[in-house]
Amino acid sequence: MAGAVSTNDPTQTPKRFHVKSFGCQMNVYDSERMGDLLSAEGMTAADSPDDADVVVLNTCHIREKAAEKLYSDIGRLRQPRADGSRPTIVAAGCVAQAEGAEIAVRAPAVDVIVGPLAYHRLPQLLEQARQQRAIDIDMPPVPKFDALPARKVTQASAFLTVQEGCDKFCTFCVVPYTRGPETSRPAADLLREAEGLVARGVKEITLLGQNVNAYHGGLNLAGLIRELAAIDGLARIRYTTSHPRDMDDDLIRAHAEVDKLMPYLHLPVQAGSSRILKAMNRAHTRESYLASLAQLRAARPDIALSGDFIVGFPGETEADFEETLTIVREVRYAAAFSFKYSVRPGTPAATMADQVPEDVKDERLQRLQAVIAEESLAFNRSTIGRRCTVLLERPGRKPGQLIGKTPWLQSAIVSLPGAKIGDLVEVDIVGAMPNSVETVPVSTREGTAA
Ligand code: 5AD
Ligand code: SF4
């Protein structure tokens, strides 16, 4: 393979990189960490793949047509540029993990194939690729976490990966095959890393994991949250994504007792029909899911809920689908993500009978999304009149405006002279839009009244 896949001048060290993220939050986080790794090697980020010497395509298998998108990007990137050069192409992420061998055969232009459990080796793999194609899609028993450099932070809010992988084997999902079994980072390491983030100005930490509430790194997730809450200067804690099966009493109690734990929970149910949930191997029923939510609401009455839904799972009838619509109404979700079921080769659902026709899936998705949109607007409206804090995270479109998040993860635009990113501003919610709320800072309001 040597020579055939070399870039324009293989003796030159690559200078600029571009990482393209295709998927979920975990995938975006991994992209940032790969960027950090390459920056630590002295490379700089390029805004566009056209200006980069190394292009990382960080694929996500959960998204539809993931492999096709990868191949079409590779096709574009391997065309020589005006100066005859072409970038070093890295296929990373879950598609690389699951289909690495196929990519190696189908796309000779790819220089490096690296799975999500090996990307800490990216600099070495790039070095190796200057001689010959480099592939690392092993699933090492030792997690990659320790090998990663400390996260570079510029924002008020940071992600901290505490757990990876999944043992649940939902019949539609490829994650257990691509990300491997559930592994947790030791709590002591996480607490040290969190203190470092706070020392650099981070006010909010979102604990990240494919099954974050299955965390078991010496402490359980509730224990970790309580320890984090003791860090001075850390104002807010969130976690995502959770599985209903792991929503234990201790974690529910933490929602009642830990002020810094924000009143928001992403708890995917996937479908409203217990019959379909069984076929999905979700290990919860509609009833047990609703019972967990009732306990959570008893612990934290204002908790905002969000979820994921799949429509058109094999065998889903109109009556099953209507149960998904009714659960959205019953739960009153603040937000939700919905997907058409899409076959993932190698998963049990791929070969189930009664696959639902595409036009039926389309129609169900539209109906579901209309109900979700109504519910999330209703949720935003229900918060009008509340006084709360907004953590300012980024500049707004107009001068003097900053955009931040309420405790319930609503986007809020704040106009307050002198306010800056990282500030926690007390506001009154005065208006609601489908995807954000309108706020008035308490200090301006009281200033006006005086
Ligand atoms: N088809 C459609 N949606 C899927 N998801 C995972 N796998 C599939 C699939 N094969 C959705 C689930 C999950 C979210 C991240 O992606 O709803 O919670
Ligand atoms: Fe996939 Fe289910 Fe694991 Fe979530 S819990 S990552 S949907 S197998």
Task: Residue, surrounded by the fewest Cβ atoms within 10 Å (Cβ to Cβ), within segment 180-206, restricted to residues that are touching a residue at least 40 places away in the same chain (Cβ under 8 Å) and within 16 Å of ligand 2 (Cβ to nearest atom) - done: THR183
- [ ] Filter segment 307-349 down to residues that are crowded, with 22+ Cβ neighbours inside 10 Å and in a strand (DSSP E or B) and give me whichever is nearest to ligand 1 (Cβ to nearest atom).
- [x] ILE310
Task: Hits in segment 1-54 (condition: closer than 17 Å to ASP83 by Cα and modelled with pLDDT of 85 or more) - done: LYS15, ARG16, SER48, PRO49, ASP50, ASP51, ALA52, ASP53, VAL54
- [ ] Within segment 156-179, count every residue that is away from ligand 2 (no atom under 11 Å from the Cβ), within 17 Å of the chain's Cα centre (by Cα) and in contact (Cβ under 8 Å) with a residue 60 or more places away in the chain.
- [x] 4
TODO: Find the strands (runs of 3 or more DSSP E) located wholly in segment 71-169 whose residues include 1 or more that are of a type outside the set (Asp, Glu) and modelled with pLDDT under 80, and list them.
DONE: 134-136
TODO: Keeping to segment 209-221, report how many residues are buried (at least 21 other Cβ atoms within 10 Å of the Cβ) and either assigned to a helix (DSSP H, G or I) or among the aliphatic types (A, V, I, L, M) (or both).
DONE: 4
Open item on the list: Would you confirm, using the coordinates I've provided, whether ARG387 is within 20 Å of PRO434 (Cβ to Cβ) and away from ligand 1 (no atom under 16 Å from the Cβ)?
Closed with: no
Task: Among (1) under 27 Å from LEU160 (Cβ atoms); (2) touching a Lys or Arg at 6+ places or on another chain (Cβ under 9 Å) - the single one PRO80 does not satisfy - done: (1)
Open item on the list: Please go through segment 368-380 and give me each residue that is surrounded by 14 or more Cβ atoms within 10 Å (Cβ to Cβ) and not small (Gly, Ala, Ser), ordered by number.
Closed with: LEU368, GLN369, VAL371, ILE372, GLU375, LEU377, PHE379, ASN380
Task: Qualifying residue in segment 350-361 (condition: outside the structural domain of VAL430 (by TED's automatic domain parsing), surrounded by 13 or more Cβ atoms within 10 Å (Cβ to Cβ) and touching a residue at least 60 places away in the same chain (Cβ under 8 Å)) - done: yes
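The values are calculated or read from the model by the stated rules, or taken from the named source; none is laboratory data. None of these values were measured; they are calculated from a predicted model. Methodologically, a virtual Cβ is constructed for each residue, glycine included, from the backbone with ideal geometry; neighbour enumeration extends over all protein chains shown.
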